[in-house]
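Novice: Questions regarding the structure given below will be posed in turn.
Bear in mind that the values in this text are calculations on the coordinates, not laboratory data. Everything numeric in this text was worked out from a predicted model, so none of it was measured. Here the Cβ positions follow ideal geometry from the backbone for every residue, glycine too, while neighbour counts run over all protein chains shown.
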Amino acid sequence: MFTTPIRTRILRKPASVAAAALMLAWFLAATPTAPAATPPWPDAPVPAALVDQDVSLFLTDFGQKLGIEVAISAAVQGHVAGRLPALAPGALLDRLGAQYGFNWYYDGHSLVISAESERVRRLMPLGHANFEALTAELDRLGISDPRYAVKHARGTDQVRIDGPPRFAELVEHTLASLDQDHHPKAVRIYQGDSDR
């Protein structure tokens, strides 16, 4: 019997560049030094087990046993039944994800699990940033994940993002922060005598 509640986090798009920068600052404060795409789980395989339970409960228990907080979208549905082989944690999640239609992403704080139907595929303008600076910053922050794409749309000033909602959100926040850093500051000039 499981009594642990399923943690479901609803992530909203920031209302402005300032809000995006604030969200990125919060993320940086919560991010460990290890790359975000690599959860702090052991290399040893998860023992083989006979399972008969809701996929969300299984994933919550999975995270609890590994000491990792799990945030699961309500769109993730299914019932895990049968014997699971002994696999490394990432390989086990990949196998279940393919079977039950979900993606997983580690954001440095939580293992975020979302349905394949929620996958984000969109173009974002680079603005005043450049693609090389974006990819370098994503690597530096540990946001990059080889399973998900951030590509320069050839011949344009846009970036193509393809991945789970949390991954896409962090890429967008990083891009907004870089764009703000490269945006020329407005200077107000007053004419006339300052004593007036």
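Novice: Excluding A37 itself, what net charge comes from residues whose Cβ is under 11 Å from its Cβ, given Lys and Arg +1 and Asp and Glu -1?
Specialist: In short, -2.
Novice: Compute, for segment 118-182, the length of the dipole vector about the Cα centre, with Cβ point charges of +1 (Lys, Arg) and -1 (Asp, Glu) only. Units Debye, rounded to 20.
Specialist: For segment 118-182, the charge dipole is close to 340 debye.
Novice: What is the calculated FRET efficiency for I68 to A136, with r their C-beta to C-beta distance and R₀ = 25 Å, to the nearest 0.05?
Specialist: Rounded to the nearest 0.05, the efficiency is 0.35.
Novice: Let me ask something else. Need one number: nm distance between label points at R122 and D162, each 7 Å from Cα along Cα→Cβ, rounded to one decimal.
Specialist: 1.7 nm
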